[in-house]
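Trainee: Take a look at this one; I'll ask things after.
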Amino acid sequence: MFKVSRQHYALVKNVLAQQYDNEGKKLQVYTANGLWFLIDNSFNLHEAETVHPETAVDDNNKVQSFFNSLKDYPLTTDFILETMNGIQDNQLLFARNHETHIQAIEELGLGVRTLTDLIVKLENKSKIR
């Protein structure tokens, strides 16, 4: 009889884990609930493993999905930042255009009121004659 004290789910011979080992690095990812993902070379297996006792299998599926998605859509932080900056520039341009359009609409409204007043005056003059 034995008792499982922790649940780990590892991707062994993982290329990213091999890269980390070659560079002498380790990766440990924590949340408020503790350590949930790590990259190490324990037992010389180059493991990328999820280690949370209750969510390890589900967490590993998420990690695999993330990397598979990254393979299909190779995003970089530079691309994301450039895209976000472009969006911000568009928003600033939209805000400036919005302000100038409001001013133009106000001026048009004033012009319409002026013309309406003139038309009413002309109509009143034509009734008097």
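Trainee: Given the -39500 (n - 2.57) contribution per DSSP H run of 4+ residues, what per-residue ellipticity at 222 nm results for the chain, rounded to the nearest 500 deg cm²/dmol?
Mentor: For the chain, the value works out to -21000 deg cm²/dmol.
Trainee: Something else: By how many degrees, 0 to 90 and rounded to 10, does the Cα axis of helix 56-72 deviate from the longest principal axis of the chain?
Mentor: So the inclination is approximately 60 degrees.
Trainee: Determine the distance separating the Cα centre of segment 1-70 from the Cα centre of segment 93-118; give it in Å without decimals.
Mentor: Cα centres, segment 1-70 to segment 93-118: 61 Å.
Trainee: With contacts defined as alpha carbon pairs under 8 Å and 6 or more residues apart, what's the relative contact order of the chain in percent?
Mentor: With pairs under 8 Å counted, the relative contact order is 19 percent.
Trainee: Could you put T77, T83, T55 in order, starting from the residue whose Cβ has the fewest other Cβ atoms within 10 Å?
Mentor: T77, T83, T55
Trainee: Karplus couplings for segment 9-18 from phi (6.51 cos²θ - 1.76 cosθ + 1.60, θ = phi - 60°), rounded to Hz, Gly and Pro as x?
Mentor: These are the phi-based 3J(HN,Hα) values: 9, 10, 9, 8, 6, 6, 4, 5, 5, 5 Hz.
Trainee: Also: [x] 70, 18, 11; [y] 26, 17, 15; [z] 22, 18, 15: which one is semi-axes √(5λ) of the Cα gyration tensor in Å as calculated from this entry?
Mentor: [x]
Trainee: Related question: Under 5 Å between amide H atoms, partner at least 5 residues away or on a different chain: which partners does L11 have, H built in plane at 1.01 Å?
Mentor: Amide H neighbours of L11, under 5 Å, 5+ apart: A48, E49, T50.
Trainee: What is the angle, in °, between the Cα long axis of helix 77-128 and the longest principal axis of the Cα atoms in the chain? Nearest 10 is fine, range 0 to 90.
Mentor: 20
Rule-based calculations on the coordinates, nothing more; no lab input. Quick caveat: nothing in here was measured; it's all calculated off a predicted structure. Positions of Cβ are backbone-derived with ideal geometry, glycine not excepted, and every protein chain shown enters the neighbour counts.
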